[in-house]
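Below is one structure, written out as structure tokens; comments come after it.
The values are calculated or read from the model by the stated rules, or taken from the named source; none is laboratory data. All figures in this text were calculated on a predicted structure; none of them were measured in a lab. Glycine also receives a Cβ, built like all others from the backbone with ideal geometry; neighbour counts cover every protein chain displayed. Just the protein is used for accessible areas: all its heavy atoms, side chains included, with ligands, DNA and RNA removed. Shrake-Rupley method; radii C 1.70, N 1.55, O 1.52, S 1.80 Å.
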Amino acid sequence: MKSIRSKLAIATCTLLSQGAQQAGAVESSWTADTSYLLYSETDRVTVNKLFTSANVTLGDNHLLQLEAVYDTITGATPTGAVKSGGPVTVTTPSSGGKGYRAVSGNPALAKFDDTRLGLNLGLVQSLRRTLRINYGASVSVERDYEAYGGSLALERDNEDRSVTFTAGVAGSYDTIFQSSGGTPKPMGSVEENGGNPEFFGPGKKRGFEGMLGVSRIINRRTVARLNYSLKRLEGYLTDPYKVISMVREGIELRRFYESRPDSRQRQALYGELVHRLENRDTIRLAYRYYWDDWGIFSHTIDYRHRRNLLGGRYLEPRLRLYTQSSADFFYPSLPFGVEPEYASADYRLDQMNSATLGLKYGQPALGGTLRLRLEYLYQTFAEAEYDTNQALIFQASFKKEFD
Amino acid sequence: MTDAPLLTRESGYWRGSFRAMASPCELLLATGDRPLAERLLLLACTEARRIERKFSRYLRDNPVHLINSGDGRPITVDDETANLLDFAHRCWEISEGKFDITSGVLREVWCFDGSDNVPRPEAVAAILPRVGWHKVSWRRPVITLRPGMEIDLGGIGKEYAVDQTARLIRREYSGGALLNFGGDLYALGPRAGGEPWAVGVDDPDATGSCQTGIVNLSRGGLATSGDARRYLLKDGVRYSHILDPTTGWPVPDAPRAVTVIADTCLEAGMLSTMAMLHGSRAREFLEAQKVSFWCQ
């Protein structure tokens, strides 16, 4: 007679590792989650974000997911120009109105003020007990950016639900412009035509993405996940606001709009281990390796330790370490006489290290769950004009299930 | 049901007792810390009664009652109920249809009270269309039963309660303990001094008074299936309360009692139940599983 013991052990492990929801709602037909996030950089950008989502069960085997995001971004961000100033006084072409404007007296920082509204719609359809299709659609609008996206993913469990395979595709179509409506000529000189440089229409960007993933229950305490994604972007990938200075002997001679290649192939491998300790604490260790054909490689390590306290409360410290190499066409500034086809002084394309230290707290409240998160982010850049950046992140969320 | 749990001091450990799931329940704790013992006992009692309230088919306003009174309509269930239904589905597959949570309606004709009240074959045949997990539509989180069908998580619930309670206790206490919910056990570590807990295995013919054996348990689950108190006797044939969902009749030549030790109480419980469902081949089934067992 054959042994069923290992199959039974996996089924038991699956059941017990999922845990009991204390006094779970009998027939929870929808769930709402609302949060407020503040991201505040020292002397730079501040983001206020409101996020709300709802999951609604529709009839037999459909789950509808709705998400709305509203955020406002204000403050100043590096333009790419050197701090010294020089013979050129420059503003970006957005006269009046909002968008970027050079901070008076310092062309290396531009004031920045935008709002964004994003909507996401998702539908999960169960075809069989072990097979689901996820459909997604998204739209996001701000003053100088519009984005539309769609996605399709298949999720397939094996018979004992200890392994889940995922395969998905996604596409996106974005329109980018300065708030005045156009995009500057790449590597065009800012002071051309007496300060009226040549402008083109809005930039278009198309994205195609494929994703493969597997997650697996290893044993009673451990779940592992592995994902690979490949994304190809084509079209206008330049930032229409960023500029780059040409410098000789420390003096800025000219300033150009930046220029980036019109395609980018991004790949990422992501692995995650979640392990429950003997004392029921949970640790989560994630590693991501990213590489693209712009010459950027990055490593991310993210570690979280969830300490379960009495009464459903928990504390979760977090440490995230990140390092990336610079893009092939990143220059902090251009030497005199050198005008490459592609050049950017955007600090985000520089060689960078960053560390995030955070603490999250959760507790039951008002029939739902309240979560508070505080994180500190510190970034250093190898060559960019602003070589450090720090930010505080605060988030408060409330989640509730309804019958 | 609502009576308060009782804590008594034994030599070297605290014994907490209460009633839940129609059974006497015990928690033995290898500690001298009385406030801790009180807190853990309350935790165990609360969790056992929570699971009973949520999954007992005898109570109203719980997910099982909602599902059973769905009358052909789809019912959306919460995560914990869905996890248990997934587990039941998996056990049905693993046992090739022998373990079936829809077989409870057969009790409309089978009443195992020690009498000779064996139902007529036509009565059993009339119930069978309402039995069979393959007739249920289960697409997490939505379950749809055909009208007249019912599910009963009684074959899983007590063992699940033991394992879940053990989990909760482990979060707050690292010492040795033994949980016993009506004969379904889990040991979270030995007694003080490293001594295992001694568990008496009942003689099926003399329940409660005489024990046929002592099992030492330090860690892991132990469960017993049997017909000690639940059987019919007619014309010299003993009808065990273990019903085969495919025929609607008791499994012939099933052992009187099967006790299994496994990593968790759920596994021990499922293996002992499935062994009983194998009837005369119970011992052969258990030997293939390479677990410690007692078959009577």
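Points worth noting:
- Each peptide in B:112-125, B:249-262 receives the mean, over its residues, of other Cβ atoms within 10 Å, and ordering these scores from highest gives B:249-262, B:112-125.
- Amide N proximity, region B:1-36 versus B:Tyr58 label position 7 Å along Cα-to-Cβ, cut-off under 19 Å: B:1-5, B:18-26
- Calculated FRET efficiency, A:Phe394 to A:Phe165, Cβ-Cβ distance, R0 = 51 Å: about 0.85 to the nearest 0.05.
- The alpha carbon gyration tensor of region A:105-264 gives principal lengths a ≥ b ≥ c with a/c of 1.5 or higher and a/b greater than b/c, which makes the shape prolate.
- Residues whose amide H comes within less than 5 Å of that of B:Tyr239, counting only those at least five positions distant or on another chain, are B:Leu232, B:Leu233, B:Lys234 (H built at 1.01 Å from N in the peptide plane).
- When +1 charges are put on Lys and Arg Cβ atoms and -1 charges on Asp and Glu Cβ atoms, the dipole computed for the protein assembly as shown relative to its Cα centre reaches about 840 debye.
- Cα extents of chain B along the three principal axes, largest first (Å): 59, 45, 35
- Long pairs among A:Lys49/A:Lys242; B:Lys54/B:Lys234; B:Lys135/B:Lys234, criterion Cα-Cα beyond 30 Å: B:Lys54/B:Lys234; B:Lys135/B:Lys234
- For region B:1-66 versus region A:325-403, the gap between their alpha-carbon centres in whole angstrom: 49
- Taking every protein chain into account, the accessible area of chain B amounts to 42 square angstrom per residue (probe 1.4 Å).
- Across region A:279-291, computed HN-Hα scalar couplings (Karplus, 6.51 cos²θ - 1.76 cosθ + 1.60, θ = phi - 60°) run 8, 6, 5, 10, 10, 10, 10, 10, 9, 10, 10, 10, 8 Hz from first to last residue, x flagging Gly and Pro.
- Accessible surface area normalised per residue over chain A is 48 Å², counting heavy atoms of protein chains with a 1.4 Å rolling probe.
- In region B:82-111, burial by the other protein chains removes 10 Å² or more of accessible area from B:Asn83, B:Asp86, B:Phe87, B:His89, B:Arg90, B:Glu93, B:Ile94, B:Glu96, compared with the chain on its own (1.4 Å probe, ligands and nucleic acids ignored).
- Once all protein chains are placed together, B:His278 keeps about 50 Å² accessible to a 1.4 angstrom probe.
- Taking the accessible area of region A:272-350, probe 1.4 Å, and keeping the other protein chains in place, the carbon and sulfur fraction comes to 59%.
- Accessible area buried by the pairing of B and A, both sides summed with a 1.4 Å probe, works out to roughly 4200 Å².
- In order along region B:249-262, the phi-based Karplus estimate (6.51 cos²θ - 1.76 cosθ + 1.60, θ = phi - 60°) of 3J(HN,Hα) comes to 10, x, 5, x, 6, 6, x, 6, 7, 10, 10, 10, 10, 8 Hz; Gly and Pro are listed as x.
- Approximate spin-label separation A:His299-A:Phe208, in nm, with each point projected 7 Å along Cα-to-Cβ: 3.3
- Remark on the protein assembly as shown: Rg and Dmax equal 32.6, 113 Å (Cα only).
- Accessible-area composition of region B:63-154, carbon plus sulfur, in percent [1.4 Å probe]: 50
- Of the residues B:Leu153, A:Leu226, the one with the largest accessible area comes first in the ranking A:Leu226, B:Leu153, computed with a 1.4 Å probe on protein heavy atoms.
- Segment A:Gln125-A:Arg313, extension gain: residue separation times 0.36 nm, minus the distance between their alpha carbons: 64.4 nm
- A 1.4 Å probe over all protein chains sorts A:Met187, A:Met246 by accessible area into A:Met187, A:Met246, starting with the largest.
- Among A:Leu117, B:Leu43, the order of accessible area from largest down is A:Leu117, B:Leu43, computed with a 1.4 Å probe on protein heavy atoms.
- For region B:40-79, a decrease in accessible area of 30 Å² or greater in the assembled protein chains relative to the isolated chain, with a 1.4 Å probe, applies to B:Arg50, B:Leu66, B:Thr76, B:Asp78.
- Across chain A, counting alpha-carbon atoms alone, Rg and Dmax equal 24.5, 90 Å.
- Rg(Cα)/(2.2 N^0.38 Å) for region B:63-154, N = residue count: 1.14
- Averaged over the residues of peptide A:159-166, the number of Cβ atoms from other protein chains lying within 10 Å of each residue's Cβ is 2.
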